[in-house]
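Following: one structure in structure tokens, then a few remarks.
The values are calculated or read from the model by the stated rules, or taken from the named source; none is laboratory data. Bear in mind the structure is a predicted one, so any value in this text is a computation, not a measurement. Note: ideal-geometry Cβ built from the backbone for every residue, glycine included; neighbour counts use all protein chains shown. These area figures cover heavy atoms from the full protein model, side chains too; ligands, DNA and RNA do not enter into them. Shrake-Rupley method; radii C 1.70, N 1.55, O 1.52, S 1.80 Å.
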Amino acid sequence: MSVLVTGGAGYIGSHVVRLLQQRGERVVVVDDLSNGRAQRVGDAPVVQVDLGTDAAAGALASAFAEHDVDAVIHFAARKQVGESVAKPARYWAQNVGGTANLLQAMEDAGVGKLVFSSSAATYGAPATALVREDGPAEPINPYGQTKLVGEWMSRAAGVAWGLRAANLRYFNVAGAGWSDLGDAAVMNLIPIVFRALDEGRAPVVFGDDYPTPDGSCIRDYVHVLDLARAHLAALDHLAADERPFDTFNVGSGSGSSVFEVLRVVREVTGVDVQPDVRERRAGDPPQLVADVSRINDTLGWSTTKDLTDIVASAWEAWRA
Ligand code: WQD
């Protein structure tokens with residue numbers, strides 16, 4: 001199989017690229033290298049283009065033809081919730097515009113399979129303990145909105161011209177499958193805590209008065225290598241003629257609080273982490289945990305790594 005991976009030089013994308021290479025697939029990466037790094041993708045060719053620009057159509061058409069592409073995995077997008085609130089137009093242009101350009105190029109080239117990076121941010125602030133794919137999706141920020149629209153776009157392409165798509169709704173992704181592929185950005189809890197430790201500061205906990213057992217927010221942390229495996233399972237699923245579902249939660253199915261994450265960081269690093277409890281952060285749902293029965297049953301996928309594996313691998317990559 002020949003797979004084109006947009007955003008393949010990024011944190012999650014590069015893990016999927018490496019797994020595909022290990023499985024013997026041919027891979028071509030499309031990345032604007034704004035956050036990605038070409039050295040993450042080994043010997044895969046990199047087409048440097050921003051999917052949100054007019055240059056995308058021609059670059060994709062050439063890549064599809066030259067590499068005889070069978071399927072696309074689409075990561076390339078902006079992914080910071082706060083930035084999306086401050087600069088919504090940028091998110092609509094990049095995430096929705098980029099996906100529109102990609103889908104048009106796929107239709108033109110007759111490339112009919114897509115795995116799309118969606119997000120648990122599509123759920124907004126759910127009322128239930130575990131969220132299911134068929135429950136309400138009411139995103140509360142432009143980032144989550146653009147991801148939900150991306151799912152609609154792939155579904156519409158399915159109706160219009162037969163695209164076969166799988167939308168993967170990622171929960172809180174962390175860790176590293178290989179130390180050279182760690183998350184270089186410091187945007188999420190675990191790298192933020194590591195940076196605080198490096199700088200000798202107490203990590204900030206946003207709120208300890210939530211209606212949860214220890215008062216801090218609960219999230220579903222998934223190891224990036226488990227997440228990457230889910231993409232290969234989704235690719236295989238697209239080959240099946242009868243596909244009952246197109247949208248899948250990718251999480252562990254169990255939640256960890258911020259204080260629990262800090263406890264594991266303390267165990268892994270040996271540093272006596274003392275939290276600095278502050279006000280709640282705007283827009284944080286108290287709890288966001290995946291119901292994973294659909295992906296377990298349909299793709300035969302489940303997590304193999306726990307929170308300690310996640311924090312330990314993230315710490316090793318951070319040190320490297
Ligand atoms: C995790 C928990 C914070 C920083 C976002 C997106 C989601 C997905 C993952 C892409 C929360 C708390 C954090 C800190 C803290 N991204 N926290 N102190 O907001 O759950 O999810 O990233 O798709 O869509 O919404 O992730 O890592 O920012 O926070 O206490 O310094 O850690 O309040 O409870 P979040 P996060």
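Annotations
- Mean-position separation - Cα centroids, segment 263-279 and segment 101-131, in angstrom: 35
- Calculated mean residue ellipticity, 222 nm, the chain: -12000 deg cm²/dmol, from DSSP H runs (n ≥ 4) at -39500 (n - 2.57) each, averaged per residue and rounded to 500.
- Relative to the longest principal axis of the Cα atoms of the chain, the long axis of helix 11-22 lies at roughly 60 degrees.
- Relative packing of peptides 64-73, 232-241, 25-34 - highest average C-beta neighbours within 10 Å first: 25-34, 64-73, 232-241
- With all protein chains kept in place, the per residue accessible area of the chain amounts to 42 square angstrom at a probe of 1.4 angstrom.
- The fraction of accessible area contributed by carbon and sulfur in the chain is 49 percent, rounded to a whole number (1.4 Å probe; ligands and nucleic acids excluded).
- Tilt relative to the chain, helix 258-269 - C-alpha long axis, 0 to 90 degrees, to 10: 90
- Peptide packing: for 80-87, 253-260, the average count of neighbouring Cβ atoms within 10 Å per residue gives the ranking 253-260, 80-87, highest mean first.
- Difference of contour (0.36 nm per residue) and Cα-Cα distance, E107 to A61: 15.5 nm
- The alpha carbons of segment 96-249 stretch over 54, 39, 28 Å along the principal axes, in descending order.
- Candidate lysines - alpha carbon under 18 Å from K79, same-chain residues fewer than 8 apart omitted: K87, K147
- With a simple spin-label model that places each label point 7 Å from the Cα along the Cα-to-Cβ direction, the separation between A202 and R155 comes to 4.6 nm.
- When each of the peptides 172-182, 209-219 is scored by how many other beta carbons lie within 10 Å of its residues on average, the order from highest to lowest is 172-182, 209-219.
- Rounded to 10°, Cα long-axis angle of helix 189-198 versus longest principal axis of the chain: 60
- Using distinct alpha-carbon pairs, which all enter the 1/r mean, Kirkwood radius of the chain in Å: 19.9
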